[in-house]
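Take a look at the structure set out below.
Bear in mind these aren't lab numbers, they're just calculated from the coordinates by the rules spelled out. Computed from a prediction, not measured in an experiment: that's the story for all the values here. Cβ coordinates were reconstructed from backbone atoms using ideal geometry, including for glycine residues, and neighbour counts include every protein chain displayed.
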Amino acid sequence: MDSLYQEVILDHYRNPRNKGRLDPADISHEDDNPLCGDQIRLDIRLGEDGRVAEVAWDGHGCAISMASASMLSQEIQGKTLEELLQLGKDDILEMLGIELGRARLHCALLSLKVLKTGAFGLTAWTGVEES
């Protein structure tokens, strides 16, 4: 089963969804993973109904962080800010579908950290500490 998920990760890495930038954006934030140098920027436009109308991300890094950003960008389409706030570590791990060590966990959660920090100002949030 892991090989199926690995193929999905590689597909998102090689063929990223929603990669680019939005200008203007209602929410825009970028951050990096100081442990490995991965960097992600996330731009979001909200519709009149308060839902995510458009999302784009850009950055560089390992297959895990880039695939995670691609998958997250698809996941948040059409969601409200309240629904975005509810996203957590387990949601990202479920999307990726593989077990990760602590170092790779930081890579996988970088896009979610950028989302949480940019949209809600949760500056200390890394997600790694969540159970």
Point to revise | Candidate set: the stretch 59-112, residues that are touching a residue at least 40 places away in the same chain (Cβ under 8 Å) and of a type in the set (Val, Ile, Thr); chosen: the one farthest from residue 30 (Cα to Cα) | key: 98
**Study point:** Count - residues of the stretch 61-91 that are buried (at least 20 other Cβ atoms within 10 Å of the Cβ) and of a type in the set (S, T, N, Q)
**Key:** 4
Review point. Is there a residue in the stretch 106-115 that is surrounded by 15 or more Cβ atoms within 10 Å (Cβ to Cβ), part of a loop (DSSP other than H, G, I, E, B) and of a type in the set (A, V, I, L, M, F, W, C)?
Key: no
Practice item. Any chance you could count how many residues in the stretch 92-105 are surrounded by 15 or more Cβ atoms within 10 Å (Cβ to Cβ) and assigned to a helix (DSSP H, G or I)? Key: 6
Point to revise | Check on residue 58, on the phi < 0 side of the Ramachandran plot, out of contact with any Cys (no Cβ under 9 Å at 6 or more places or on another chain), surrounded by fewer than 18 Cβ atoms within 10 Å (Cβ to Cβ) and part of a helix (DSSP H, G or I) | key: no
Exercise for review: Among residues belonging to the stretch 16-58 that are without any contact (Cβ under 8 Å) to a residue 40 or more places away in the chain and aliphatic (A, V, I, L, M), point out the one that is nearest to residue 83 (Cα to Cα).
Suggested key: 52
